[in-house]
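Beneath this line is the structure, given in C-alpha cells, with notes to follow.
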Amino acid sequence: MIRIIAFLTAALLFTSNAYALDLSSPDIATGRTLNTAQIYKGFGCSGDNFSPTLIWKDVPAGTLSFAVTVHDPDAPTGSGWWHWIIYDISSSISHLPSGIAIKRPLLPNANQGVTVLGKSEFGGLSPPPGTPHHAETFLL
C-alpha cells in the first residue's frame, strides 16, 4: 500500500512582506493518505496520475500570477522528489481542476516545469513501502 501524507501550504511573496492565501483541495488533505487518482501510473504503481484539484482564495491585491509545486521532501534523492511545477497561472484563475496537467492547452499562458521524471507534466506520487512520505503542495 502506498502511504503518503499530504500537506497544503499557501504563500505569496511580495517584496519583504509575506501573505497567506487560503489553499484547499477535495483530493488531498493534511494528514490523510492520497486517493488512487493522485498515485503514479507506472513503475509498478497503478494509479491514475491525475494532478489534484486545488482551490485558492484571499488573494492579495496586485497579484499578477501564481505558481504551484508538489514536492516530496522524504524521497531519498538528496533534494526530494518534484512531482509537479506549474507557473504563470493568471491571477484571474482561482482553481485547478483534477487532471489539468494532462489537458492541452493547459491554461492560457501557463507553463509546466520539468520534474524529476524529466517531463513537463504531473508525475503522480509513488513512494517506496515503509515510512509514509509527505507531499507538500505550495501555491506561490
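Tabulated data
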{"quantity": "Filter result for the condition that a residue is touching a residue at least 12 places away in the same chain (Cβ under 8 Å) and more than 13 Å from residue 123 (Cβ to Cβ), over 98, 92", "calculated": "98"}
{"quantity": "Strands (runs of 3 or more DSSP E) (entirely within region 22-128) containing at least 2 residues that are of a type in the set (A, V, I, L, M, F, W, C)", "calculated": "54-57, 65-72, 81-90"}
{"quantity": "The one condition in (1) open to solvent by 10 Å² or more (accessible area, probe 1.4 Å); (2) modelled with pLDDT under 85; (3) not charged (D, E, K, R) that residue 139 fails to fulfil", "calculated": "(1)"}
{"quantity": "Residue satisfying all of: in region 84-131; touching a strand residue (DSSP E or B) at 6+ places or on another chain (Cβ under 8 Å) and of a type in the set (D, E, K, R); surrounded by the most Cβ atoms within 10 Å (Cβ to Cβ) among these", "calculated": "121"}
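The values are calculated or read from the model by the stated rules, or taken from the named source; none is laboratory data. These figures come from a predicted structure and were not determined experimentally. Neighbour counts are summed over all protein chains in view; Cβ atoms, including those assigned to glycine, are modelled from backbone coordinates with ideal geometry. Note: accessible area is taken over every heavy atom of the protein model, side chains too, but ligands, DNA and RNA are not part of it. Shrake-Rupley method; radii C 1.70, N 1.55, O 1.52, S 1.80 Å.
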